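The values are calculated or read from the model by the stated rules, or taken from the named source; none is laboratory data. Everything numeric in this text was worked out from a predicted model, so none of it was measured. FYI the Cβ positions are ideal-geometry reconstructions off the backbone, even for glycines, and counts take in every protein chain you see.
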Amino acid sequence: MRRLAVAAVCLMASLSAVSQTASSAPFSDPRALSLAQKSISALTGGIPIRDVTLNATIISIWANKSQTGFGTFSAQGSRQSRVDRNLSGVTRSDVRSLNNGTPAGAWSTNSSPASAYASHNCWTESAWFFPGLTSLAQFANPAFVFRYIGIEQHGGVAVQHIQVFQRDRQDKTRILQRLTTTDFYLDVNSLLPMALAFKQHSDTDVNTDLPIEIRFANYQQPAKGVSVPYHFQELSNGTVVEDVTVTSTALNTGLPANTFSLQ
C-alpha cells in the first residue's frame, strides 16, 4: 500500500509538471490567425507565391549621407532572400538562407569574400521587402505563435496590430521568441500590411536591440489578384535610412538555388 501511495504521489507530481509546462507554452490567438489568413489572401489572391524578384530604384541615407542607385530584391519561400544594391558605384549583396536547417546570412561588397552575419541576426524576416513571404503567411504552422494586439494608429493610418514569433517550449529564456518577434500593422479595411517591425541586434551583444521598421505603400497588382507594395521604406530607430521604388516585378520564375549564396 505504501508503494502504491508513493507511486500515486509521483504520478500526480509528473502530471502537475506536464500541466504547468503546457499551460506556460504560448498559443495563438484565433483572431490574430484569422487576420493573418485574410491579409495573405488580400496579398496573393489565393495564388501560391513561391518566389519573387523586385527591381527598384533606391535612395539610401546613412550617417546623413545620401546615395542613389538601383537594386534587386529576391526571395524564395520564407527563409531565402537576396538583395543586391548598387549605390553610387558601390555594390553590396546580402543573402539569407538555411544552413542544415538553421537560418544563416552573409554579405559582400564589391565582390569581396563573403562575411557571415552574426547568427542571432539571422532569425528576423528574410523577405522583409515582400510581406507575402514573411512569417505572416505561417498561420497554419504550429511552430509560430500569433497574438492579437488591437486596433491602433500607426504612421497616421488605422491598423490591426498583430504579433508573430516562433516558439520553443524548451527555451526558458525565450531567446527564440525575442529574436523572431515581428509586429505587423494591417490596414483596417483592406488588411494589406502597412508596416512590419522587428529588432536587430549588435553583432557582439544579443541584448542590444536596434528597432527596424519597414513601411509599405502604393500597392499594385502586377499579376491578377497579387498585390505588391511598389514603394517601401526602411526605418532604423525611427529614421528613414532607405527609400525604395519598385520598377518591375517577377513572380514564380523558379529562382535557381545558387541565387541565395555568395561565391
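What number of residues within region 75-117 are touching a helix residue (DSSP H, G or I) at 6+ places or on another chain (Cβ under 6 Å) and either basic (Lys, Arg) or within 17 Å of residue 234 (Cβ to Cβ) (or both)?
Matching residues across region 75-117 total 2.
Would you check if residue 217 is assigned to a strand (DSSP E or B), hydrophobic (A, V, I, L, M, F, W, C) and touching a Gly at 6+ places or on another chain (Cβ under 7 Å)?
no
Given the conditions (1) within 16 Å of the chain's Cα centre (by Cα); (2) assigned to a strand (DSSP E or B), report the number of the one that residue 84 does not fulfil.
Just one mismatch for residue 84, condition (1).
Residue by residue through region 95-106, note down the ones that are part of a strand (DSSP E or B) and either in contact (Cβ under 8 Å) with a residue 60 or more places away in the chain or on the phi > 0 side of the Ramachandran plot (or both).
Scanning region 95-106 gives 95, 96, 97, 106.
For region 53-70, does any single residue satisfy the condition of being surrounded by fewer than 18 Cβ atoms within 10 Å (Cβ to Cβ), modelled with pLDDT of 95 or more, charged (D, E, K, R) and not in a helix (DSSP H, G or I)?
no
When the residues of region 221-263 are filtered to those that are touching a helix residue (DSSP H, G or I) at 6+ places or on another chain (Cβ under 9 Å) and either without any contact (Cβ under 8 Å) to a residue 60 or more places away in the chain or crowded, with 19+ Cβ neighbours inside 10 Å (or both), which remaining residue is farthest from residue 50 (Cα to Cα)?
If we take residues in region 221-263 being touching a helix residue (DSSP H, G or I) at 6+ places or on another chain (Cβ under 9 Å) and either without any contact (Cβ under 8 Å) to a residue 60 or more places away in the chain or crowded, with 19+ Cβ neighbours inside 10 Å (or both), then 229 is farthest from residue 50 (Cα to Cα).
Just to be sure, is residue 124 exposed (fewer than 13 other Cβ atoms within 10 Å of the Cβ) and out of contact with any Gly (no Cβ under 7 Å at 6 or more places or on another chain)?
No; evaluated as a whole, the condition is false for this residue.
What's the total number of residues in region 109-143 that are part of a helix (DSSP H, G or I) and more than 25 Å from residue 218 (Cα to Cα)?
Number satisfying all stated conditions: 3.
Please find, within region 181-217, the residue that is surrounded by the most Cβ atoms within 10 Å (Cβ to Cβ) out of those that are among the β-branched types (Val, Ile, Thr) and farther than 19 Å from residue 242 by Cβ.
Only one residue fits best here, namely 181.
Just checking, does region 87-95 include any residue being under 30 Å from residue 48 (Cα atoms) and of a type in the set (S, T, N, Q)?
Yes: region 87-95 contains one or more residues that are under 30 Å from residue 48 (Cα atoms) and of a type in the set (S, T, N, Q).
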